[in-house]
Amino acid sequence: MVLSPENLRVNNQQKFSELAEKQLLENPNSDKLMQGSVLRHILTRSKMISQIICYIRLYAESDPLAKQARHWFQNPTKNFDKLENPTSGEKLPSLAKLMGAKPQDQTIYGEFLSKVFPDVKDESKSLYQFPLYNKQDIESGIIVFKTDAAISNGYLLDPNPNSPNVLTAVIAFPPCPQLSEATLTKEELLDWLNDRDSSNYTPSNSYIPTCTC
């Protein structure tokens with residue numbers, strides 16, 4: 001059988017792809033390579049925000065921090081902190097401060113993240129990275145955050161004449177449906193909240209919002 005140049009090209013591309021995948025799997029540093037992927041970081045960040053929303057849905061009635069976090073998402077441009085002589089960073093909306101926080105921070109935002117992700121201890125061994133967004137980008141106004149209760153999938157808005165040089169992250173924050181087998185169960189919320197599968201970025205139930213990159 002004589003292969004055409006086109007078939008040879010496709011065949012070689014397939015072999016190269018299979019070889020690259022094999023080398024990645026055999027590479028002892030493959031986890032680090034995956035962590036360095038911008039696309040994987042974006043997908044993981046979207047998953048983390050969705051899991052934060054799951055925590056709020058599960059515990060807003062029993063955990064005062066989750067209840068406060070619900071207000072941050074419902075009022076994305078409001079600063080709920082009552083501080084005397086706040087710095088420019090402390091004047092930011094509470095949701096923006098959450099997006100720029102780490103679980104180790106001695107703030108209400110760090111404390112909340114440590115509750116949502118209590119098992120994420122060593123970031124060097126995890127795709128879960130903090131802060132969710134670069135703190136300097138948030139404080140400089142390159143990225144701003146909005147929420148929308150009418151959508152289930154978040155999105156990122158490009159700069160436009162009304163917001164030059166600014167990216168707008170729109171986070172899906174719809175009301176939680178009444179928990180039931182017909183819509184969404186507590187078990188499904190818990191399963192997604194605790195999901196640490198590095199190859200799974202989308203909840204199985206469409207009533208759990210997928211957020212923004």
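A short reminder: the numbers here are calculations on the coordinates, not readings from a lab. Everything numeric in this text was worked out from a predicted model, so none of it was measured. Glycine gets a Cβ as well: all are built from the backbone with ideal geometry, and neighbour counts include every protein chain shown.
According to the square roots a ≥ b ≥ c of the eigenvalues of the Cα gyration tensor, what is the shape class of the stretch 90-213, taking rounded for a/c under 1.5, prolate for a/b larger than b/c otherwise, and oblate for the remainder? It would help to have the intermediate numbers written out before the result.
Numbers: a/c = 1.91, a/b = 1.23, b/c = 1.55.
It is oblate, given that a/c is not under 1.5 and a/b is not larger than b/c.
Taking H placed 1.01 Å from N in the peptide plane, check which residues at least 5 places from residue 132 or on another chain put their amide H under 5 Å from its amide H.
Correct list: 101.
Using the beta-carbon distance between residue 136 and residue 207 and R0 = 35 Å, what value does 1/(1 + (r/R0)^6) give for FRET efficiency, to the nearest 0.05? Walk me through the intermediate numbers first.
Working: r = 35 Å, r/R0 = 1.01.
E(calc), rounded to 0.05, equals 0.50.
What length, rounded to one decimal in nm, is gained on full extension from residue 198 through to residue 91, with 0.36 nm per residue of separation minus their alpha-carbon distance?
35.0 nm
May I ask you to order 44-53, 164-173 by the average number of other C-beta atoms within 10 Å around their residues, highest value first?
Descending mean neighbour count gives 44-53, 164-173.
Need the full-extension length gain, residue 155 to residue 121, defined as separation in residues times 0.36 nm minus the C-alpha distance. One decimal, nm.
Result: 9.4 nm gained on full extension.
Mind ranking 201-207, 127-133, 175-181 by how tightly packed they are, going by the mean number of other C-beta atoms within 10 angstrom, highest first?
Ranked from most to least packed, the peptides come out as 127-133, 201-207, 175-181.
Order 184-193, 153-162 from most to least packed using the mean count of other Cβ atoms within 10 Å. Numbers along the way, then the final one.
Numbers: 184-193: 16.4, 153-162: 11.4.
For the peptides 184-193, 153-162, the packing ranking is 184-193, 153-162.
Between residue 185 and residue 82, what length comes free when the chain is fully extended (0.36 nm per residue of separation minus the Cα-Cα distance, one decimal in nm)?
In short, 33.4 nm is gained.
Within 10 Å of each residue's Cβ, count the other Cβ atoms and sort 73, 112 from fewest upward.
73, 112
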